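Structure record follows, encoded as structure tokens.
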Amino acid sequence: MTHITTQDGTTIFYKDWGPRDAQPIMFHHGWPLSADDWDSQMLFFLAEGFRVIAHDRRGHGRSTQTSDGNEMDTYVADVAELTAALDLRNAIHIGHSTGGGEVARYVARAAPGRVTKAILVDAVPPVMVKKESNPGGLPIEVFDQFRAALAANRAQFYLDVASGPFYGFNRPGAKVSQGLIQNWWRQGMMGSAKGHYECIKAFSETDFTEDLKAIDVPVLVIHSEDDQIVPYADAGPLTVKLLKNGTLKTYKDLPHGLLSTHPEILNPDMLAFIRGTEAGEENLIVNAIPA
């Protein structure tokens, strides 16, 4: 087991594959998952010659089920300790969903030389919850329902999410993968009920507006119009407007969990951005599901 112990005594599990002198890519997972959610991307980028790293956020996966610190600033502090321990420089940070918020806050605060590019995939920024400054957000009642379902029967709730909106398996004609459903459930049930409960507030109510404004490095924002978890209109397009150097790539009908359902589409697009060979059109809309 590869891990670090943070200043507050929390054990953070991580994977670290590939040559130590290769350019590092660090992956940040979504709620309530683990580093395992990035398997397809880690194998792909490892084969392309990169060093690939992914960690389990505190309260998730194989990391400590802490009573405290289940909020975004502490998540980011853990990332800062891990990147310092591994001495990651000129790294690319890629975050999905909640992990995209983690990336935004970390990159905005990272020491010079630590980060060269970032990618946000169907990510929660700028902010998910509806409020006066975010009238297009989701009502707080949506997230209250998440908390209630988790507290009542977490195991069933996680099956319902994975077999329905997360992967778009509730769409007519969807090709359902029982393996993905079971793997999502497995990852979720590895983690802490308390940590996951409190993380709902972290991913829904944390406002990343100022973080996005502060980021200087190039950022690729990827979002699907058919995302049923993080609605497109209040996320990707608003995020790219706040960035100094952002590019928005819009998929038309991929699900929120596209990194697992369509890695053959997502991975080459991310690689093109990392290598600087992407088309670079802002608001590029791609009908990504092959006929």
Considering region 216-239 alone, what residues qualify as being open to solvent by less than 10 Å² (accessible area, probe 1.4 Å) and of a type in the set (Val, Ile, Thr)?
VAL219, VAL221, ILE222, VAL230, THR239
Just name the residue that is most open to solvent (accessible area, probe 1.4 Å) out of those in region 1-39 that are more than 21 Å from PHE273 (Cβ to Cβ) and among the acidic types (Asp, Glu).
ASP21
Six or more apart or on different chains, Cβ atoms under 6 Å: show the pairs whose first residue is in region 137-160 and within 23 Å of TYR232 (Cα to Cα) and whose second is charged (D, E, K, R) and open to solvent by less than 80 Å² (accessible area, probe 1.4 Å).
GLY137/ASP234
Out of all the residues in region 14-39, which are part of a strand (DSSP E or B), aromatic (Phe, Trp, Tyr) and either closer than 22 Å to HIS262 by Cα or over 17 Å from the mean Cα position of the chain (by Cα) (or both)?
TRP17, PHE27
Would you tally the residues in region 250-261 being open to solvent by less than 30 Å² (accessible area, probe 1.4 Å) and free of Cβ contacts under 8 Å to residues at least 40 places away in the same chain?
2
Members of region 107-125 found to be open to solvent by 10 Å² or more (accessible area, probe 1.4 Å) and not charged (D, E, K, R), listed by number
VAL107, ALA108, ALA110, ALA111, PRO112, GLY113, VAL115, THR116
Top-ranked residue in region 126-153 [being open to solvent by 60 Å² or more (accessible area, probe 1.4 Å) and of a type in the set (S, T, N, Q); ranked as nearest to LYS201 (Cα to Cα)]
GLN145
State which residue is modelled with the lowest pLDDT when the search covers only region 169-212 and only residues that are farther than 24 Å from HIS55 by Cβ and basic (Lys, Arg).
LYS175
Looking at region 40-95, which of its residues are within 14 Å of ARG114 (Cβ to Cβ), assigned to a loop (DSSP other than H, G, I, E, B) and open to solvent by 30 Å² or more (accessible area, probe 1.4 Å)?
ASP87, ARG89, ASN90
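The values are calculated or read from the model by the stated rules, or taken from the named source; none is laboratory data. In this text the structure is predicted, and so the values were computed from the model without any measurement. Using ideal geometry, Cβ is built from the backbone for each residue, glycine included, and neighbour counts are taken over all protein chains shown. All accessible areas refer to the heavy atoms of the entire protein, side chains included, with ligands and DNA or RNA removed. Shrake-Rupley method; radii C 1.70, N 1.55, O 1.52, S 1.80 Å.
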